[in-house]
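Taking it in order: structure first as structure tokens, then the write-up.
The values are calculated or read from the model by the stated rules, or taken from the named source; none is laboratory data. Computed from a prediction, not measured in an experiment: that's the story for all the values here. Quick reminder, even Gly has a Cβ in these numbers, built from the backbone with ideal geometry, and neighbours come from all protein chains shown.
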Number of protein chains: 4
Amino acid sequence: MSWKEKVHEVIYEADTKAGKVFDVALLIVILVSLILVVLDSVEQISLKYHSLFVALEWVITIFFTIEYILRVISIKKAKNYIFSFYGIVDFLSTVPLYISLVFAGSGALLSLRALRLLRVFRVFKLVRYSGAGSRVAVALRNSVPKILIFIYSVVIISFIAGTIMYIVEGPEHGFTSIPRGIYWAIVTLTTVGFGDIHPITPLGQFIATIIMLLGYGIIAVPTGIVTAEMTKENSRKNTQVCYNCGEDDHRDSAEFCHNCGYDINSTKDKKMMKSAENED
Amino acid sequence: MSWKEKVHEVIYEADTKAGKVFDVALLIVILVSLILVVLDSVEQISLKYHSLFVALEWVITIFFTIEYILRVISIKKAKNYIFSFYGIVDFLSTVPLYISLVFAGSGALLSLRALRLLRVFRVFKLVRYSGAGSRVAVALRNSVPKILIFIYSVVIISFIAGTIMYIVEGPEHGFTSIPRGIYWAIVTLTTVGFGDIHPITPLGQFIATIIMLLGYGIIAVPTGIVTAEMTKENSRKNTQVCYNCGEDDHRDSAEFCHNCGYDINSTKDKKMMKSAENED
Amino acid sequence: MSWKEKVHEVIYEADTKAGKVFDVALLIVILVSLILVVLDSVEQISLKYHSLFVALEWVITIFFTIEYILRVISIKKAKNYIFSFYGIVDFLSTVPLYISLVFAGSGALLSLRALRLLRVFRVFKLVRYSGAGSRVAVALRNSVPKILIFIYSVVIISFIAGTIMYIVEGPEHGFTSIPRGIYWAIVTLTTVGFGDIHPITPLGQFIATIIMLLGYGIIAVPTGIVTAEMTKENSRKNTQVCYNCGEDDHRDSAEFCHNCGYDINSTKDKKMMKSAENED
Amino acid sequence: MSWKEKVHEVIYEADTKAGKVFDVALLIVILVSLILVVLDSVEQISLKYHSLFVALEWVITIFFTIEYILRVISIKKAKNYIFSFYGIVDFLSTVPLYISLVFAGSGALLSLRALRLLRVFRVFKLVRYSGAGSRVAVALRNSVPKILIFIYSVVIISFIAGTIMYIVEGPEHGFTSIPRGIYWAIVTLTTVGFGDIHPITPLGQFIATIIMLLGYGIIAVPTGIVTAEMTKENSRKNTQVCYNCGEDDHRDSAEFCHNCGYDINSTKDKKMMKSAENED
């Protein structure tokens, strides 16, 4: 095994001890770099610990630089990594400090550094393997098409409600344009209710009342969709495998395989077959 | 086939290629006309691109005029279309510009142009055919009577709560009349909470606390109703009956009866057997 | 049948035509009297139509007076009605105008007239008989003990959160006392969020963040409780009656009564037995 | 039985009459002491009844002192109690008044007295035994891992949303730092919506709109998780096995097997059969 292959195993894989240590270390550096971005945005803290922050920023940038170079040289097809989602994120979250050496603009620099936030998605890789997480994920994935139709309906209702409120209340009460009316309608439908814009005329308040009741009613829809999916996911538990055709999703009361008609109970070694059942 | 029949097929039906192209083109024009209405309401944009907007407005109005005329002449009974919901919407969303040539009032013009929003409902026609959408729609339709009883209860609670708050807080704290009290009660019960009116006396805050807990508790009701309907819709079993043993609770994908092992698909008169299946 | 019995039948019962007409008429008068109370609280309307409102008020008061007298004399034990919930509500919502003739105080008068709101509960009597309503009602009644435990927990969390915020933010940021802190905590936990009081110090905002996430998480609890009850209520549908013991809540797959062991399928007239099944 | 053992039974256990009386008395004193802390924080009340509050404070402190001493001496290993959660809470909620005799600082005193709030957790001990409560508790405990993953996701979304809003809106519109942006994002995602900070630029309002729709959509997730758990808890079937045919899915109230009609209760060794029942 060449040193490149060893590096590849440590950086890209997680099934050796060195690989796990590297993953955890990377995670900690990412979190530290995030906390740095967050704290640096608070003026009082930023002024006080400026030199410390600059020093830490250099340490992290150098770490990310080394990691990036190792990732590029240890993979066979460097292109696959460089132009992948993580490749671009890694690159963009490493370069800001180098750019700031050349150009002295801090605003754009911050925006770029904020891209490091996207690195957190690496953390999801770890969560993905946990049982509870994957069950929730399956239920959510199944809900997506229904939720999209629902959000589409909400957007149309907001369009209509926002336009009506713009006509009824008008610019003098804060509804200065239809987009602002739509913004208000979504703030209201989702029950957020900032209160920065609110109806003042009795007619406007009456219409707002109807929109609120509507929003209160339709909040039930995404909930219903996700819940129904999760209940389904929970109740899918018998995985008795057919000895003949391998079908593994039989009912609890099934005596014959519904796929090939084989008598499930005739099998001698029933335990082996049932070993695939879930334990929950 | 006369040219009228051809036009009818393109405009009213969606099963030919020309019909589909027309539907998508119409949809795009509707969306563009909507975005126009929305952007035109933003003063900064409206002032800048005024001449562009007027030009686009004419293009869309002429398109809608031609579509309207074709719809009227290509249908056998023109009355059926003209006095239908879409007929009236199509007419009202076409005429504003012509009216503005005669009368120079822009306010009422906008209100009429906003009616174009109702055209979006045509889009639902496309959604209706998708599987996920129809299942959600069935569950929602079944929930309507229960949701109505629920909204009725919310309105009564708001009446009582609004009156109590009007008596307790009084006009000097923003509760200037019972309708305003009811408006506040609905804002609070639905957890929107604008904050434009809020209780100031300790007693008023105590009552508000109870109303909020009540609202928090009853938000569960519409959710429960819709969820229970969706779970039911999900679990609605296939009721294909086995010709051999009479078992009638097979999976959709079953090819053999899970009770006796009989080949369900071998039956000659499959249609008769499947007649018991749900239609959803 | 004496005239008293006839009056009793019309007023107290709803199974004759006259009884139904009376119930609907009473409902309309109650709703009109409510709208009167509501409109009278709006100053602009009240000033304009003052004489009309006074006249209508007299008509309604005389109607309620006659109804009250008839209820008292047509029932056998007048005490049962007079001291019942509705007896007291009926009395209190009738007398205000008479009292105002003696004493000239309008404030207390309004408060008494507002008691008419309680009359709306009579409307629930009509709703109670509808199928959908009763199913929801059963599910809600079953949820009550669980919901109470939940509200108790929310109140305790609000107590702790309100005290912490009072200590952290202090009177200078609006948290003038622990009760106000508790009021804020409930406003936040229930996601109402008026914004009349809100944390200003970073620590206060951090604690508020945790309270909000908590509130967002526990909103799931009442919803879960009610939904689980409704799903249960929905799935309780087979009501096959046992010919032997009358038990009517068998499983779909039951072949023997689980209460007395009688063979359900042996009965000759199965249709009669199954006639009690729900249709949903 | 020595007097120490008798005291132990009264204070630590709840299965004798004296023990129950002590528990209820303790609960009342705790509640009174809490109400005292709450009322004392309201300036108007505090000034008026100052001497009464001081007197009551002494009564409660002496009661707590005696209780604490009895708890310490009546237990065999005093260390186990003193350094347990309740031991520390009991100590901390007893000493403030004694400390105030030595040092005259009222602010810190209040903070310590507020620790008495932790004593309310003793109340949960009583709730734990109620049936409805324990079922809800089981469902909640099962939901915890899933809810944690969910809250973790919400926090990450808030991080990203808060940073974006800080860059888009900037300090001049209230988003003075990334932590404040995150605070705003959580206020918005949880649909609380105080309105103390809100987007002002059109782009900021557009992003806020997306965050709100996202929050509206993901509120369904904790609800779905808890509901699915509760439905599972509700449907957890009785698994009493029939001695005759082996059917194992009887109702709780069943006296005869619904599959073969065998009298389940006639079995001699009922305990063995019932051993398969769930414990919940």
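All but one of (1) more than 9 Å from chain B (Cβ to nearest Cβ); (2) among the aromatic types (Phe, Trp, Tyr); (3) touching a Leu at 6+ places or on another chain (Cβ under 7 Å) hold for A:TYR183, so report the exception by its number.
Of the numbered conditions (1) more than 9 Å from chain B (Cβ to nearest Cβ); (2) among the aromatic types (Phe, Trp, Tyr); (3) touching a Leu at 6+ places or on another chain (Cβ under 7 Å), the odd one out for A:TYR183 is (3).
Quickly run through the range D:39-56 and pick out the residues that are closer than 20 Å to C:PHE159 by Cβ, at pLDDT below 85 and part of a helix (DSSP H, G or I).
D:ASP40, D:GLU43, D:SER46
In the range C:159-213, which residue that is over 36 Å from the mean Cα position of the chain (by Cα) and not in a helix (DSSP H, G or I) is farthest from D:ILE151 (Cα to Cα)?
Once the filter is applied, the top-ranked residue is C:GLY170.
Got at least one residue in the range A:19-34 being among the charged types (D, E, K, R) and within 14 Å of another protein chain (Cβ to nearest Cβ)?
Scanning the range A:19-34, I find no residue that is among the charged types (D, E, K, R) and within 14 Å of another protein chain (Cβ to nearest Cβ), so the answer is no.
Among the residues of the range C:46-54, is any small (Gly, Ala, Ser), assigned by TED's automatic domain parsing to the domain that holds C:LEU118, under 20 Å from B:THR163 (Cβ atoms) and surrounded by 13 or more Cβ atoms within 10 Å (Cβ to Cβ)?
Filtering the range C:46-54 for residues small (Gly, Ala, Ser) gives C:46, C:51.
With the extra rule that they be assigned by TED's automatic domain parsing to the domain that holds C:LEU118, the set shrinks to C:46, C:51.
With under 20 Å from B:THR163 (Cβ atoms) added as a condition, the list becomes C:46.
Restricting the remaining residues to those that are surrounded by 13 or more Cβ atoms within 10 Å (Cβ to Cβ) gives C:46.
Yes, the range C:46-54 contains a residue that is small (Gly, Ala, Ser), assigned by TED's automatic domain parsing to the domain that holds C:LEU118, under 20 Å from B:THR163 (Cβ atoms) and surrounded by 13 or more Cβ atoms within 10 Å (Cβ to Cβ).
Name the residue that is nearest to the chain's Cα centre (by Cα), counting only residues in the range B:115-136 that are at pLDDT 70 or above and facing chain A (nearest Cβ under 10 Å).
So, considering only residues that are at pLDDT 70 or above and facing chain A (nearest Cβ under 10 Å), the one nearest to the chain's Cα centre (by Cα) is B:LEU118.
Could you grab me the full set of residues in the range A:1-33 that are of a type in the set (S, T, N, Q) and either part of a helix (DSSP H, G or I) or in contact with a Leu (Cβ under 7 Å, 6 or more places away or on another chain) (or both)?
The one that is of a type in the set (S, T, N, Q) and either part of a helix (DSSP H, G or I) or in contact with a Leu (Cβ under 7 Å, 6 or more places away or on another chain) (or both): A:SER33.
Which residue pairs have Cβ atoms under 9 Å apart, sit 6 or more places apart or on different chains, and have a first residue in the range B:6-21 that is more than 16 Å from B:TYR81 (Cα to Cα) and a second that is modelled with pLDDT under 85 and of a type in the set (Asp, Glu)?
Pairs found: B:ALA14/B:ASP23; B:ASP15/B:GLU9; B:THR16/B:GLU9; B:ALA18/B:GLU9; B:GLY19/B:GLU9; B:GLY19/B:GLU13.
Output the qualifying pairs, or none if there are none: Cβ atoms under 6 angstrom, residues six or more apart or on different chains, first residue in the range B:192-214 and farther than 11 Å from A:HIS198 by Cβ, second residue hydrophobic (A, V, I, L, M, F, W, C) and not in a helix (DSSP H, G or I).
So the pair list comes out as B:HIS198/C:PHE194; B:MET212/C:VAL192.
If I ask for residues that are of a type in the set (S, T, N, Q) and surrounded by fewer than 11 Cβ atoms within 10 Å (Cβ to Cβ), which ones from the range B:1-35 would you list?
Hit for the range B:1-35 is B:SER2, nothing else.
Across the range A:213-233, what is the number of residues that are surrounded by fewer than 24 Cβ atoms within 10 Å (Cβ to Cβ) and of a type in the set (Asp, Glu)?
Residues meeting the conditions: 1.
Give the range C:32-46 a look and list any residue that's without any contact (Cβ under 8 Å) to a residue 60 or more places away in the chain and among the hydrophobic types (A, V, I, L, M, F, W, C), or say none.
Those that are without any contact (Cβ under 8 Å) to a residue 60 or more places away in the chain and among the hydrophobic types (A, V, I, L, M, F, W, C): C:VAL32, C:ILE35, C:LEU36, C:VAL38, C:LEU39, C:VAL42, C:ILE45.
Taking the range A:201-223, which residues are more than 8 Å from chain B (Cβ to nearest Cβ) and either aliphatic (A, V, I, L, M) or within 19 Å of D:LEU189 (Cβ to Cβ) (or both)?
Passing the criteria: A:LEU203, A:ILE207, A:ILE210, A:ILE211, A:LEU214, A:ILE218, A:PRO222.
Under the condition of being within 8 Å of chain C (Cβ to nearest Cβ) and without any contact (Cβ under 8 Å) to a residue 24 or more places away in the chain, which residue from the range B:137-158 is farthest from the chain's Cα centre (by Cα)? So that I can check it myself, show each step before the final result.
Filtering the range B:137-158 down to residues within 8 Å of chain C (Cβ to nearest Cβ) leaves B:145-146, B:149-150, B:152, B:156.
Pick out the ones that are also without any contact (Cβ under 8 Å) to a residue 24 or more places away in the chain and you get B:145, B:149, B:152, B:156.
Working: B:PRO145: 17, B:ILE149: 20, B:TYR152: 21, B:ILE156: 26 Å.
If we take residues in the range B:137-158 being within 8 Å of chain C (Cβ to nearest Cβ) and without any contact (Cβ under 8 Å) to a residue 24 or more places away in the chain, then B:ILE156 is farthest from the chain's Cα centre (by Cα).
Might you let me know whether the range B:69-87 holds any residue that is within 14 Å of another protein chain (Cβ to nearest Cβ) and either hydrophobic (A, V, I, L, M, F, W, C) or assigned to a loop (DSSP other than H, G, I, E, B) (or both)?
Scanning the range B:69-87 turns up no residue that is within 14 Å of another protein chain (Cβ to nearest Cβ) and either hydrophobic (A, V, I, L, M, F, W, C) or assigned to a loop (DSSP other than H, G, I, E, B) (or both).
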